[in-house]
Amino acid sequence: MFSIKNLFKTGAVLIFIGFLALAGIYLSMRSSLPSVESLKDLQWQTPMQIFSADGKLISQFGEKKRIPLTLDEMPQQLINAILATEDDRFYLHFGVDPIGMGRAIIGQLTGQNRGGASTITMQVARNFFLTREQTYVRKIREIFISFHIESLLTKDEILALYMNKISLGHRSFGFGAAAQVYYGKETKELTLAQIAVLAGLPKAPSTLNPISRPDRALQRRAVVLQRMYVAGYITSQELATANQEPMTAIKHGAEIELSAPYIAEMAHQEMVDRFGKEAAYTGGIKYLRRLHLNYNMLLNNLWLIIFLLMISAMVTEDPSVPYALLMKHLPVRVTQATLK
């Protein structure tokens, strides 16, 4: 005969069997799970930058744009926007959100799956160690890796990893780079509306992009702002003001402060020769060069400069050759001051 007591007993038995099954799966997979120890001493892939002696950026080389930031360097509103949008119980769960997981399972069974099962920790596990293939085995591995990450790192460390690793479109990775690419700003200079646009990108950085799809980015911004309001992070007035702000994103490149293409190319080639292309483009090298010119001798050799540049331009298409020839015949000394 049906009763509440029997229902609880059946539920308890099913939960116990589920835990036993999960433990068995974990034991069978444990040896094949990647070590998460590498997250403790992570070296971010950042582009190579060439600076002048007075610290002005001459050029930047590397496909991936990333500006690693600590959590303290990120504005609180940006952190709040991410928590409200991606994982509002992040500081309460143990890597897996039972409520979100249960909702996702029910959605799968009823054919109304709306996602929401992946926590920030699970996204870190996927972004660092797994692919995006949609299989149950990958999802189970993601859960187990998340448990390992939660046992190794603090919540703040996990959140910082997420906010620096996530792909946000136009080859920008992490919110430091995204703020520069979309708005030409540091994260602390962003408005609430701009923060909401960036916080909406992790779900689909290509289709929700404010440059290529401003209409969809506007809709996503409204969703993020509403979730921030519901979570108590912003007031109704802030919500209304941010929703009225126009979309202002345009693509920004690296802020080159000093145009010296030949110097940049020579430094670039030197770093590639010394470290290899992969390390040079992703190792975060910051290379500073000092130029010392004797301007009187430079004026005296003006015709020689013009002649050398004209001849070299006619015989080669390599932009570094005229510069190298100029360095050889003029009183110019180039020294490496710093290399990190």
Whose amide H sits under 5 Å from the amide H of PHE51, counting only residues 5 or more places off or on another chain, with H placed in the peptide plane?
ILE58, TYR287, LEU288, ARG289
Kindly provide the Kirkwood hydrodynamic radius of region 151-219 in Å, to one decimal, from all pairs of distinct alpha carbon atoms.
12.4
Under 17 Å from a label point 7 Å along Cα→Cβ of SER206: give me every residue in region 142-181 with its amide N that close.
167-173
Hull surface divided by four, with the convex hull built on the Cα atoms of region 129-243: how many nm²?
8.4
In nm, what is the difference between 0.36 nm times the number of residues separating GLN226 and ILE140 and their Cα-Cα distance?
27.8 nm
For the pairs LYS165/LYS203; LYS40/LYS139; LYS56/LYS188; LYS185/LYS251, note any where the Cα-Cα span goes beyond 19 Å.
LYS40/LYS139; LYS56/LYS188
Counting C-alpha atoms alone, how compact is region 122-178: give Rg to one decimal and Dmax as a whole number, in angstrom.
12.2, 34
Using a simple spin-label model with points 7 Å from Cα along the Cα→Cβ vector, what separation in nm is obtained for GLN43 and LYS185?
3.4
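Bear in mind these aren't lab numbers, they're just calculated from the coordinates by the rules spelled out. All figures in this text were calculated on a predicted structure; none of them were measured in a lab. So basically every Cβ, Gly included, is an ideal-geometry build from the backbone, and we count neighbours across all protein chains shown.
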